[in-house]
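Chemist: Structure provided below as structure tokens; questions to follow.
The values are calculated or read from the model by the stated rules, or taken from the named source; none is laboratory data. What you see is a predicted model, and the numbers here were worked out from it, not measured in a lab. Cβ atoms come from the backbone with ideal geometry, glycine included; neighbour counts cover every protein chain shown.
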There are 2 protein chains.
Amino acid sequence: MTAVGIIGGGQLARMLALAGYPLGLTVQTLDPDPGSCALALTQQLVGEYGDGEKLRWLAEHCHCLTYEFEHLPVESLRYIADRVPIFPPLEALGAAQDRAEEKTLFRELDIPVPRTANISTLAELDAALTDIGLPAVLKTRRLGYDGRGQRLLQDRRGLATTWRELAGQPLVVEEYVPFERELSIIAVRARGGETAFYPLVENEHRHGMLRSSAPCPEDPLNQVAQQYATRLLNAFGYVGVLVLELFEVNGRLLANEFAPRVHNSGHWTIEGAQTSQFENHLRAILGLPLGSCRPVEHCAMINLIGQLPDPNALLAIPGAHLHVYGKHPRANRKLGHVTVRERDPVSLAQRVQSVRALIDSPG
Amino acid sequence: MTAVGIIGGGQLARMLALAGYPLGLTVQTLDPDPGSCALALTQQLVGEYGDGEKLRWLAEHCHCLTYEFEHLPVESLRYIADRVPIFPPLEALGAAQDRAEEKTLFRELDIPVPRTANISTLAELDAALTDIGLPAVLKTRRLGYDGRGQRLLQDRRGLATTWRELAGQPLVVEEYVPFERELSIIAVRARGGETAFYPLVENEHRHGMLRSSAPCPEDPLNQVAQQYATRLLNAFGYVGVLVLELFEVNGRLLANEFAPRVHNSGHWTIEGAQTSQFENHLRAILGLPLGSCRPVEHCAMINLIGQLPDPNALLAIPGAHLHVYGKHPRANRKLGHVTVRERDPVSLAQRVQSVRALIDSPG
């Protein structure tokens, strides 16, 4: 049987494993947390992501390696990349780890981006704001996720304080984009270069965290989003799922960032697409043909953050599909998601409203 | 987290586990085979199904027990049934284990059945054939599955030989039914008595083994099939999935047998229904609300028996969903299945033809 190694044992690894067993795979994960949520259903090595010995073990025992998040020591992975195929390519991982490098790449590929500047001193920040204008967003170049490592700058008051909070790390400052919508496109490229695209997804964030996603197959922006994603995929000779996050501003798309992995905004594909992002990622990295990305009925995905709703109430809502990750509840922690699938958009909207009402009601 | 114990570690346990993790369950299996196909993704106890010590362990560590096949020692289970809920009810399990008892029950519930007789001597068989006529089918009362323990009697020649092959076991002889179609209905009953029904399924068998299944939501026989299934469910105060196998003869339905568990003819529900039979079985036994059984698009399921096709060729067929069970290939062994799902019946028929051509081609 083909063994796939996944670096990271979080919910993405868990859902990759759930998609992998029907394909006949065995799944080996590596995670420092002995209580990781992939533990119950995969073989798990407990160790740091950069643990050379554990990585070599994975290289020896797996046919192919992948990873489920981007804050990994690229150098450690490069060390085993000549022993076992690792996908997505480490060049994509490296670029995604650094907001400055990522933005440079977007520009090189003629993918529009908000105005940005790299800064390393308060004086540089001050000068950059004169160019870029206010409001603006100050971000760490590395290790940001779910809104962490970001500060909105409304004006110059308190600039020094904000600076001190993030100082000591390489930073970028970006134009604050008054977007109409946040969108993402989930793309996949096979080993042979074949590509496939899920419909553009509209995402709603709150406090920097994704709250809900819904596919927009009829959106006229699908074509341009696919063009941008294609440029990224081909630039890396990419293999696997890649997600490009976009802002829509005055009908134009600006690239925000990309993730070299399966992504929260693609969880709806489990019920809502012919082939899920998880299965397509596995098919791609194993050199199998890609599956169809077409939507199945109408759907929307809502994250379960901080606490889980009463499953009795949730599962009584027709069309609601519960996905629990097996994590201990904690504020601002993604504990699961719900995908609602219905035959028509009107029923879908009603069911989604019921799910939201349940989630937002005091537990 | 809620722990579900499954007695048996075969493909049904594997697919129950795959449906259980998204609901936040942990899954504990009991199987004598240390290489069972649920092993990779569940916690498995290795032991006989009737192993008292192992069963007590399950009773102590699980919130609820279920089973994935019917040839279990009911007495051993009864012994722990006061310590932990076991569903489906053991009365249903007992009835399903004995073809004579099963047929008696059908008659009591006014569910039409083929003519049958219980026999224990060759003289009784001879007399029964005079009543029932020829051809007829001689079956062991217990332990039959996938066509095993059955002999077709075309005429009285060789009757003594056939008798000797099966002798020593309690037998039934049944009228050979010249059916137009083999059908099954997958029904589910919640702890509170709520019931739900998947559409009637048309099944094709070859050499006694299920080869393919396809749902028939528009079939006018759905209503009467649901009535028969309802009588069975209510007779037992049933909880979980129950499958009733039926013959269609001259537009009438005759009951063949029932299974107190998830069933091969319901595998299409993973992609082809709003809620799969596996998830609905778990919801039922855990006291959760049942999910919708309505079909999602059009689909058909084809079993992979004896050998697996080349996954490259199979996954290149649009709409084909592969389910591999992780078992070693062996003649007449169910190694997996493929469900094809498409938006329209014409595309579905084409894709199914491609899958069949691939499976039937010399490996």
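Chemist: Out of everything in the range A:138-158 that is crowded, with 17+ Cβ neighbours inside 10 Å and hydrophobic (A, V, I, L, M, F, W, C), what residue ends up being farthest from A:Leu232 (Cα to Cα)?
Modeler: A:Leu153
Chemist: Pick out the one residue from A:Ala123, A:Ala100 that is within 30 Å of A:Pro178 (Cβ to Cβ), free of Cβ contacts under 8 Å to residues at least 40 places away in the same chain and not assigned by TED's automatic domain parsing to the domain that holds A:Val224.
Modeler: Result: A:Ala123 is the single residue among A:Ala123, A:Ala100 that is within 30 Å of A:Pro178 (Cβ to Cβ), free of Cβ contacts under 8 Å to residues at least 40 places away in the same chain and not assigned by TED's automatic domain parsing to the domain that holds A:Val224.
Chemist: Just need a number here: residues in the range A:124-136 that are more than 16 Å from A:Arg157 (Cβ to Cβ) and buried (at least 16 other Cβ atoms within 10 Å of the Cβ).
Modeler: 2
Chemist: OK, next. Would you call B:Thr116 farther than 30 Å from B:Gln226 by Cβ and modelled with pLDDT of 90 or more?
Modeler: no
Chemist: Same structure, new question: Evaluate the following for B:Val324: is it β-branched (Val, Ile, Thr), under 30 Å from A:Ala313 (Cα atoms) and at pLDDT 95 or above?
Modeler: So B:Val324 does not fit the description; no.
Chemist: I've got another one for you. Considering (1) surrounded by 18 or more Cβ atoms within 10 Å (Cβ to Cβ); (2) not in a helix (DSSP H, G or I), say which one B:Ser265 fails and leave the rest.
Modeler: That leaves (2) as the condition not met.
Chemist: Yes or no: the range A:175-191 includes at least one residue that is surrounded by 20 or more Cβ atoms within 10 Å (Cβ to Cβ), assigned by TED's automatic domain parsing to the domain that holds A:Ala320, closer than 30 Å to A:Asn280 by Cβ and of a type in the set (Lys, Arg).
Modeler: For the range A:175-191, residues surrounded by 20 or more Cβ atoms within 10 Å (Cβ to Cβ), assigned by TED's automatic domain parsing to the domain that holds A:Ala320, closer than 30 Å to A:Asn280 by Cβ and of a type in the set (Lys, Arg): present.
Chemist: Going by what's in this entry, would A:Cys299 be described as more than 10 Å from chain B (Cβ to nearest Cβ), in contact (Cβ under 8 Å) with a residue 60 or more places away in the chain and outside any strand (DSSP E or B)?
Modeler: Judged against the criteria, A:Cys299 is not a match.
Chemist: Within the range B:79-86, is even one residue surrounded by 15 or more Cβ atoms within 10 Å (Cβ to Cβ) and within 14 Å of B:Glu257 (Cβ to Cβ)?
Modeler: no
Chemist: Another question, then. Looking at the range B:47-77, which of its residues are over 27 Å from B:Phe258 (Cα atoms), in contact (Cβ under 8 Å) with a residue 12 or more places away in the chain and among the charged types (D, E, K, R)?
Modeler: B:Lys54, B:Arg56, B:Glu60
Chemist: Can A:Ala331 be described as more than 14 Å from chain B (Cβ to nearest Cβ), more than 15 Å from the chain's Cα centre (by Cα) and part of a loop (DSSP other than H, G, I, E, B)?
Modeler: Yes, satisfied.
Chemist: Being at pLDDT 95 or above, closer than 30 Å to A:Arg343 by Cα and assigned to a strand (DSSP E or B): is that true of B:Leu254 here?
Modeler: It is false that B:Leu254 is at pLDDT 95 or above, closer than 30 Å to A:Arg343 by Cα and assigned to a strand (DSSP E or B).
Chemist: Specify the residue that is surrounded by the fewest Cβ atoms within 10 Å (Cβ to Cβ); the eligible residues are those in the range A:87-104 that are of a type outside the set (A, V, I, L, M, F, W, C) and closer than 20 Å to A:His63 by Cβ.
Modeler: By that ranking, first place goes to A:Pro89.
Chemist: Given the residues B:Leu210, B:Leu232, which is the only one that is part of a helix (DSSP H, G or I) and either touching a residue at least 24 places away in the same chain (Cβ under 8 Å) or touching a Leu at 6+ places or on another chain (Cβ under 7 Å) (or both)?
Modeler: B:Leu232
Chemist: With a cut-off of at least 3 residues that are away from every other protein chain (no Cβ under 14 Å), name the helices (runs of 4 or more DSSP H) lying wholly within the range B:1-84.
Modeler: Filter on the range B:1-84 gives B:52-61, B:74-80.
Chemist: Tally time: how many residues in the range B:268-292 are away from chain A (no Cβ under 11 Å) and part of a loop (DSSP other than H, G, I, E, B)?
Modeler: Within the range B:268-292, residues that are away from chain A (no Cβ under 11 Å) and part of a loop (DSSP other than H, G, I, E, B) number 1.
Chemist: Something else now. Can you give me the number of residues within the range B:83-115 that are over 22 Å from the mean Cα position of the chain (by Cα) and among the β-branched types (Val, Ile, Thr)?
Modeler: Qualifying residue count, the range B:83-115: 1.
Chemist: Has the range B:304-312 got any residue that is closer than 18 Å to A:Leu290 by Cα and away from chain A (no Cβ under 11 Å)?
Modeler: Yes, there is a match, as at least one residue in the range B:304-312 is closer than 18 Å to A:Leu290 by Cα and away from chain A (no Cβ under 11 Å).
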